[in-house]
Amino acid sequence: MELIGPGTESLATHRQRLGPLPALPSGELIAELESSGLLGRGGAGFPVGRKWRTVAERSSGRAVVLANGAEGEPLSHKDRSLMAARPHLVIDGALLAARAVGADDIIFYIGVEHRGAGAAMRHALVERQDIRGRATIVSAPAGYVSGEESAAVHFVNGGDARPTTTPPRPFDRGVHGRPTLVQNVETLALVALIARRGHDWYKDRGRRSGTGLITVSGVVNHAGVQEIDFGATLGDVAGVAGGFRDEAQAVLLGGYFGGWADVEDQWGLPLEPRSLRSRGLALGCGVVHFLAAESCGVEATSRIVSYLASQSARQCGPCVFGLSAIAAATQRLATRSPHADDLDSIVRWSGQLTGRGACHHPDGAAGLLRSALELFADDFAQHQRRRCHTVSMPERVAVA
Amino acid sequence: MGEIIEIERIRCDGHGICAELLPELITLDDWGYPIVKRGPVPDHLAELSRRAVDDCPVLALRLGSVTAVTRKR
């Protein structure tokens, strides 16, 4: 286990295990990252090398690196587990990023509720000579959108942690108006490994699709964070999680911004970006949540869209009104007390929200709902007729 | 290469004047917020599009180039 483990790795152990931080010239590291095919692990999956090159080109030596450790996704725990276990790997990645893009300042933006992770990062920063005077920890307020990159930048700049209108994007004008690289902490940790071992090491993992962290939850025996090669299948992941407590019917991939899929259909599916994409799926921030066969998909979906509606930054009309209307209608369906047109309405609304917010919050919610309407089509139809064929157990989708 | 109507979503208050001026390209959702038809503004609607941009009471509309938008996902 390179990215997680029991306890917090000290600087001495970290150095002993991995050796010193390699002194790659900026261009070489960015080229390595481009060849590695590494995609951002925060959720959006943007190619890392390309992002760094964009910031480096605009930098003139005055960029800022914002290491994003605000894990707002209720079903994800991998970023806080990583920071708690391997803080020096994250710091290595941030230092490499600062060197590669030409940044003086490094900000570690860490969710205020991730106490263990914050403490480990704080302690690790004290241990490091090589980052002294350049690093700041900023506590990110709780909330689903706090970790969105423009929200993070806005908060660091003294505003509230709500997304702002883009452009300007952070890579053009971010923290204090300077070009800013916002990069998820796990991505930075992976960069620190690739810098030491080269792009081939990363590519060769997992049928040439890399390696990383996922959070497994739901009806498995051992929920928690797993380090996997992305060639691993859904079945492999369930196996490592100790198998199922009860039969599983569906899996939520990618978290609340992700989508539902049928467990049996996708059992042999490798969790690497291309095979997922070919089925309209994505791993996003790495959430894999199994829904019990006896749980109701409509009810589970209702809880998620209600949560997402509650987490709207309340800035854009389509998100404020659209998501709350969707949440209300879905809840009426879930409780089998729908209005006559509720199902038709949510079908229509789910097709209208994409691209209509300053950030992708409405897009994420609409995508999740569309996947539910497809996978649980029969259940939704039943609920519109005030019936439900599942034994209605309260689904334990964690709502923070 | 044509122009495309962009909306600053945080600014938009759903006045709906744009949809009145330009029903060919802009419809309103159930709460009065604009839904813009995909694709560039056709030539014969260019003048009306400019008016929609100018007449928005909160200045939430603008005409952007097609390339700037494809970048946004």
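The values are calculated or read from the model by the stated rules, or taken from the named source; none is laboratory data. Keep in mind that this is a model prediction, so the values were computed, not measured. No Cβ is skipped: glycine too gets one built from the backbone with ideal geometry, and neighbour counts run over all protein chains shown.
Considering only the stretch A:347-373, state which residues are more than 11 Å from chain B (Cβ to nearest Cβ) and basic (Lys, Arg).
A:Arg370
I'm trying to understand the selection: among the residues of the stretch A:285-301, which are at negative phi and either within 14 Å of chain B (Cβ to nearest Cβ) or among the small types (Gly, Ala, Ser) (or both)? Spell out the reasoning first.
Residues of the stretch A:285-301 that are at negative phi, as a first pass: A:285, A:287-301.
Matches in the stretch A:285-301: A:Ala292, A:Ala293, A:Ser295, A:Gly297, A:Ala300.
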Problem set entry | Test result for B:Ile7, within 29 Å of A:Pro47 (Cα to Cα), at pLDDT 95 or above and within 9 Å of chain A (Cβ to nearest Cβ) | yes
Seminar exercise, completed: Within the stretch B:15-35, the residues that are in contact (Cβ under 8 Å) with a residue 24 or more places away in the chain and within 11 Å of chain A (Cβ to nearest Cβ) are B:His15, B:Pro34
For this session: Pull up the stretch A:302-323, narrow it to residues that are at the interface with chain B (Cβ under 10 Å from one of its Cβ atoms) and assigned to a helix (DSSP H, G or I), then point me to the one that is nearest to the chain's Cα centre (by Cα).
Result: A:Cys319
For this session: Inspect all residues belonging to the stretch A:11-31 and state whether any of them is assigned by TED's automatic domain parsing to the domain that holds A:Gly147, closer than 30 Å to A:Phe290 by Cβ and either charged (D, E, K, R) or in contact with a His (Cβ under 7 Å, 6 or more places away or on another chain) (or both).
Result: no
Exercise. Only one of these conditions is not met by A:Leu375: (1) within 26 Å of A:Pro163 (Cβ to Cβ); (2) in contact (Cβ under 8 Å) with a residue 12 or more places away in the chain; (3) under 23 Å from the mean Cα position of the chain (by Cα). Which number is it?
Worked result: (1)
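Could you tell me whether B:Val53 is part of a loop (DSSP other than H, G, I, E, B), away from chain A (no Cβ under 14 Å) and surrounded by 16 or more Cβ atoms within 10 Å (Cβ to Cβ)?
Values: part of a loop (DSSP other than H, G, I, E, B): no; away from chain A (no Cβ under 14 Å): yes; surrounded by 16 or more Cβ atoms within 10 Å (Cβ to Cβ): yes.
Taking the combined requirement at face value, the residue does not satisfy it.
Yes or no, residue by residue, for (1) closer than 16 Å to A:Gln315 by Cβ; (2) within 14 Å of another protein chain (Cβ to nearest Cβ):
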{"site": "A:Ala117", "(1), (2)": "no, no"}
{"site": "A:Arg122", "(1), (2)": "no, no"}
{"site": "A:Thr164", "(1), (2)": "yes, yes"}
{"site": "A:Pro167", "(1), (2)": "no, yes"}
{"site": "A:Val175", "(1), (2)": "no, no"}
Exercise. What number of residues within the stretch A:1-45 satisfy the criterion of being of a type in the set (Gly, Ala, Ser), exposed (fewer than 14 other Cβ atoms within 10 Å of the Cβ) and not in a helix (DSSP H, G or I)?
Worked result: 3
Seminar exercise, completed: Checked the stretch A:336-357 for anything in contact (Cβ under 8 Å) with a residue 12 or more places away in the chain, surrounded by fewer than 23 Cβ atoms within 10 Å (Cβ to Cβ) and not in a helix (DSSP H, G or I); matches are A:Arg336, A:Ser337, A:Pro338, A:Gly351, A:Gln352, A:Thr354, A:Arg356
For this session: Could you tell me which residue of the stretch A:131-156 is farthest from the other protein chains (Cβ to nearest Cβ), considering only residues that are touching a residue at least 40 places away in the same chain (Cβ under 8 Å) and more than 21 Å from the chain's Cα centre (by Cα)?
Result: A:Ile131
Exercise. Just one of the numbered conditions (1) more than 14 Å from chain B (Cβ to nearest Cβ); (2) of a type outside the set (A, V, I, L, M, F, W, C); (3) buried (at least 22 other Cβ atoms within 10 Å of the Cβ) is not true of A:Asp204; which one?
Worked result: (3)
